[in-house]
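*Asks:* Attaching a single structure in structure tokens format; questions to follow.
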Amino acid sequence: MRIETRTIVVGSALVAAGLGLAFTAAGGGYTKEGLMAGARITARWSFLWFMAAWTASALAGLWPGGWRTVLLRRRRAVGIAFAADHFVHLGFVLAWASHEQINLVKIGLLDGWICYLLIGAMAVTSHNAAQRWMGMARWRWLQRIGGWLALYVFFHLYSGRLADQPATAGPAVALIVAAVALRAAAWLKSRRSQAQAA
Ligand code: HEM
């Protein structure tokens, strides 16, 4: 049975919103702490989807078959779900900023805002017509730059929290390092098989 892309994306975003609301309520409701807890859990949820999308090709390249091939086949849906979840994160961030009367343009990191622009562009061009319209080379560059920038922002945020939040930041940083190692191993494997075929 093939699950519709829309079902995966909407389902993941609804879980993100539900988690965000539950953690906001548990953290004190519509307060600074509550809304920050909502922002944190939605970032964590979207991080898992991002990691799945970003490593799908490497996992299937290194160990073809099984769930890795299914993940690769559904990578587009997983990537759009990450984008939808990350816009739910933005919703909690905006609620927190409005509660605290914070000017987001001033406190938001430039790389964070550029990342949002690219995540939005990647999500709206995640279909065959956009690939034809942009050309495959340009489309691949957008995916590549957007993916690496999101990875960088996650790494930057989590590595900065290693001292304060080792229980969550530690596994997140380890996952990022493992993902980069996986992609490097998959790239080497494909280079080796190309060289053998030539
Ligand atoms: C510039 C736009 C953004 C703003 C204003 C923003 C704001 C926030 C806020 C207020 C929190 C929760 C408070 C805290 O724990 O310090 C948070 C957490 C977080 N955000 Fe964002 N964010 C932005 C963009 C992004 C982007 C683009 C990413 C990743 C690609 C991201 C990933 C995270 C992560 C990983 C956390 C921490 C989650 C955890 O503690 O496990 N954010 N962000």
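*Asks:* Here is a list: Gly28, Gly20. Which entry is touching a Ser or Thr at 6+ places or on another chain (Cβ under 6 Å) and either part of a loop (DSSP other than H, G, I, E, B) or crowded, with 18+ Cβ neighbours inside 10 Å (or both)? Explain how you work it out, then say what you get.
*Replies:* On the way: Gly28 fails: touching a Ser or Thr at 6+ places or on another chain (Cβ under 6 Å).
After applying the criteria, what remains is Gly20.
*Asks:* Restricting the first residue to the range 1-26 and requiring it to be touching a residue at least 24 places away in the same chain (Cβ under 8 Å), which pairs with a second residue that is part of a helix (DSSP H, G or I) and among the polar types (S, T, N, Q) meet a Cβ separation below 6 Å and a spacing of at least six or different chains?
*Replies:* Here the result reads Ala16/Thr42; Gly20/Thr42, each pair linking the range 1-26 to a residue that is part of a helix (DSSP H, G or I) and among the polar types (S, T, N, Q).
*Asks:* If you don't mind, there's one more thing I want to ask. Enumerate the helices (runs of 4 or more DSSP H) found wholly within the range 39-119, keeping only those where 1 or more residues are more than 10 Å from the ligand (Cβ to nearest atom) and closer than 22 Å to Ala25 by Cα. Please lay out each step first, then the result.
*Replies:* Numbers: elements: 66-73, 75-99, 104-107.
Once the helices (runs of 4 or more DSSP H) in the range 39-119 are filtered for at least 1 residues that are more than 10 Å from the ligand (Cβ to nearest atom) and closer than 22 Å to Ala25 by Cα, what remains is 75-99.
*Asks:* Any residue in the range 166-173 that is surrounded by 14 or more Cβ atoms within 10 Å (Cβ to Cβ) and in contact (Cβ under 8 Å) with a residue 40 or more places away in the chain?
*Replies:* Yes, the range 166-173 contains at least one residue that is surrounded by 14 or more Cβ atoms within 10 Å (Cβ to Cβ) and in contact (Cβ under 8 Å) with a residue 40 or more places away in the chain.
*Asks:* Among the numbered conditions (1) over 16 Å from Ile8 (Cβ atoms); (2) touching a residue at least 24 places away in the same chain (Cβ under 8 Å); (3) of a type in the set (A, V, I, L, M, F, W, C), tell me where Trp63 comes up short.
*Replies:* Of (1) over 16 Å from Ile8 (Cβ atoms); (2) touching a residue at least 24 places away in the same chain (Cβ under 8 Å); (3) of a type in the set (A, V, I, L, M, F, W, C), only one is false for Trp63: (2).
*Asks:* May I pose another question? When you go through (1) farther than 27 Å from Leu90 by Cα; (2) surrounded by fewer than 16 Cβ atoms within 10 Å (Cβ to Cβ) one by one for Leu182, which number turns out not to apply?
*Replies:* Just one mismatch for Leu182, condition (2).
*Asks:* Aromatic (Phe, Trp, Tyr), farther than 18 Å from Ile80 by Cα and modelled with pLDDT of 95 or more - does that describe any residue in the range 137-144?
*Replies:* As a first pass, look at the range 137-144 and keep what is aromatic (Phe, Trp, Tyr): 139, 141.
Going one step further and asking which of them are farther than 18 Å from Ile80 by Cα, we end up with none.
Looking through the range 137-144, none of the residues is aromatic (Phe, Trp, Tyr), farther than 18 Å from Ile80 by Cα and modelled with pLDDT of 95 or more.
*Asks:* When you go through Ala169, Ala163 one by one, which is the residue that is modelled with pLDDT of 95 or more, hydrophobic (A, V, I, L, M, F, W, C), closer than 26 Å to Glu33 by Cα and in a helix (DSSP H, G or I)?
*Replies:* Numbers: Ala163 fails: in a helix (DSSP H, G or I).
It is Ala169.
*Asks:* So, one more: Do we find a residue being touching a residue at least 24 places away in the same chain (Cβ under 8 Å), within 13 Å of the chain's Cα centre (by Cα) and surrounded by 13 or more Cβ atoms within 10 Å (Cβ to Cβ) anywhere in the range 154-164?
*Replies:* Yes, the range 154-164 has at least one match.
*Asks:* Which one of these is at pLDDT 95 or above and more than 24 Å from Arg144 (Cβ to Cβ): Thr31, Thr69, Thr5? So that I can check it myself, show each step before the final result.
*Replies:* Numbers: Thr69 fails: more than 24 Å from Arg144 (Cβ to Cβ); Thr5 fails: more than 24 Å from Arg144 (Cβ to Cβ).
Residue meeting the stated conditions: Thr31.
*Asks:* Also, I was wondering about something else. Which numbered condition in (1) within 18 Å of the chain's Cα centre (by Cα); (2) buried (at least 18 other Cβ atoms within 10 Å of the Cβ) is the only one that Leu142 fails?
*Replies:* Checking Leu142 against (1) within 18 Å of the chain's Cα centre (by Cα); (2) buried (at least 18 other Cβ atoms within 10 Å of the Cβ), the one that fails is (2).
*Asks:* Does Ala129 satisfy being surrounded by fewer than 11 Cβ atoms within 10 Å (Cβ to Cβ) and assigned to a helix (DSSP H, G or I)?
*Replies:* Details: surrounded by fewer than 11 Cβ atoms within 10 Å (Cβ to Cβ): yes; assigned to a helix (DSSP H, G or I): yes.
Judged against the criteria, Ala129 is a match.
The values are calculated or read from the model by the stated rules, or taken from the named source; none is laboratory data. The structure displayed is predicted, hence computed values, not measured ones. Note: ideal-geometry Cβ built from the backbone for every residue, glycine included; neighbour counts use all protein chains shown.
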